[in-house]
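The values are calculated or read from the model by the stated rules, or taken from the named source; none is laboratory data. This is a predicted model, so every value here is computed, not measured. Cβ sites come from the backbone with ideal geometry, for glycine too, and all protein chains shown count toward neighbours. Just the protein is used for accessible areas: all its heavy atoms, side chains included, with ligands, DNA and RNA removed. Shrake-Rupley method; radii C 1.70, N 1.55, O 1.52, S 1.80 Å.
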Amino acid sequence: MNTLITGAEGFVGGHLVAALLDRGDRVTATRLQAAPEEAPAGRPAPEWRVVDVLDVTTVRRAVEAAEPEVVFHLAGFSSGARARGRAAEALRTNAEGTLNVLDAVADAAPGCRVVVPGSADVYGDPGPDPVDENAPVAPRSPYGVSKAAQELVALTLGAAVGLDVRVARLFPMTGPGQADVFVVPGFCRQAAAIATRRSEPLIEVGNLEVERDFIHVGDGVDALLALASLASPPHRIYNVCSGEGIAIRTVLSWILAEAGIDPEIRVDRARLRPDDPPRVVGSAGRLRSATGWTCRREVREGVRETYSWVAAGHQ
């Protein structure tokens, strides 16, 4: 298939590009900066294009060149921590950028399927029970607001112009390639520095008691591919989650075990978030029913892979 991925230089984008190339797709991949180094000899590579989704002209040219049958629109803010200090930029990029991509697709590839990764942050504080897609959208953070706006743009515009848009509400993912602004690679960076004696045996943390529904990035990519493959989806919004909560304290213990260290744990008040709900766990019954998708990888394995990646000097 001809596939276009916006924001392909990001964490999920890199894994998705690899999966699509492995199955033989022709992949056009966009990024904000100049193209990366060429793939190793004998390995397939995407066609890279430099695109800012807020630039209508470069977006349109990328869609026209790709002639896509499927678009995965990953470009935008994906970090709640970064969005906190840049709320207006996050809102504009996630909402207006999505508008620009869908406008270009409607003109140049109207029969295309479009998968828009959303976020569990749109639920805000859903309470202790697994949350499904019928729960109210009630974000509590700038990032959650930007993703709720992105969803609204995607589904409203898609319906208005007849585009086939599917939204995947992604719950937290882990695996190699994630920036250390996220909790798992952030802990891994601190732990690796201690293990190699580049730092004192102290790890600074936020609230370790909150529970999140983590999945391995490989399962997240499988979910995006499964959604894209649906000929006629019964719904437009799908949770991508495991249905199980894991305390951040447990994740940290896994990382310390990987590093072989027993440091002091100190709460850094700057890392505490007053809008952090105590537990966010989802139900993926809708996705499972529509596609047969299920988590096949252990979250702990994703944590282990992340630590190995960070320890090898990739951060």
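Here are some notes:
- Filtered by the rule that a residue be closer than 18 Å to residue 70 by Cβ and free of Cβ contacts under 8 Å to residues at least 40 places away in the same chain, the stretch 230-255 gives 231, 232.
- Of everything in the stretch 75-87 that is outside any loop (DSSP other than H, G, I, E, B) and either among the charged types (D, E, K, R) or modelled with pLDDT of 95 or more (or both), the residue that is farthest from residue 16 (Cα to Cα) is 84.
- Selection within the stretch 60-84 - surrounded by fewer than 16 Cβ atoms within 10 Å (Cβ to Cβ), closer than 16 Å to residue 100 by Cα and of a type in the set (Lys, Arg): 61
Matching residues to (1) open to solvent by less than 20 Å² (accessible area, probe 1.4 Å); (2) of a type in the set (A, V, I, L, M):
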position	(1), (2)
86	no, no
104	yes, yes
109	yes, yes
112	yes, no
120	yes, yes
123	yes, no
131	yes, yes
137	no, yes
144	yes, no
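- Checklist (1) in contact (Cβ under 8 Å) with a residue 60 or more places away in the chain; (2) open to solvent by 20 Å² or more (accessible area, probe 1.4 Å); (3) part of a helix (DSSP H, G or I) applied to residue 149, failing item: (1)
- Inter-residue pairs, beta-carbon under 7 Å, first farther than 16 Å from residue 287 by Cβ and of a type in the set (A, V, I, L, M, F, W, C) and in the stretch 110-133, second part of a strand (DSSP E or B) and open to solvent by 20 Å² or more (accessible area, probe 1.4 Å), 6+ apart: 114/164
- Residue 261 being touching a Pro at 6+ places or on another chain (Cβ under 7 Å) and not in a helix (DSSP H, G or I): yes
- Screening residue 231 with (1) assigned to a strand (DSSP E or B); (2) at pLDDT below 95 gives one miss only, at (1).
- Looking only at residues of the stretch 276-300 that are exposed (fewer than 14 other Cβ atoms within 10 Å of the Cβ) and of a type outside the set (Ser, Thr, Tyr), we find that the one that is nearest to residue 228 (Cα to Cα) is 292.
- The stretch 195-211, residues that are within 11 Å of residue 311 (Cβ to Cβ) and not small (Gly, Ala, Ser): 196
- Subset of the stretch 174-189 (residues that are open to solvent by 20 Å² or more (accessible area, probe 1.4 Å) and either at negative phi or part of a helix (DSSP H, G or I) (or both)): 176, 179, 180, 181, 182, 183, 189
- The one condition in (1) farther than 30 Å from residue 204 by Cα; (2) open to solvent by 60 Å² or more (accessible area, probe 1.4 Å); (3) touching a Gly at 6+ places or on another chain (Cβ under 8 Å) that residue 267 fails to fulfil: (1)
- Filter result (open to solvent by 20 Å² or more (accessible area, probe 1.4 Å) and either under 22 Å from residue 121 (Cβ atoms) or not in a strand (DSSP E or B) (or both)) within the stretch 195-221: 195, 196, 197, 198, 199, 200, 201, 207, 209, 211, 212
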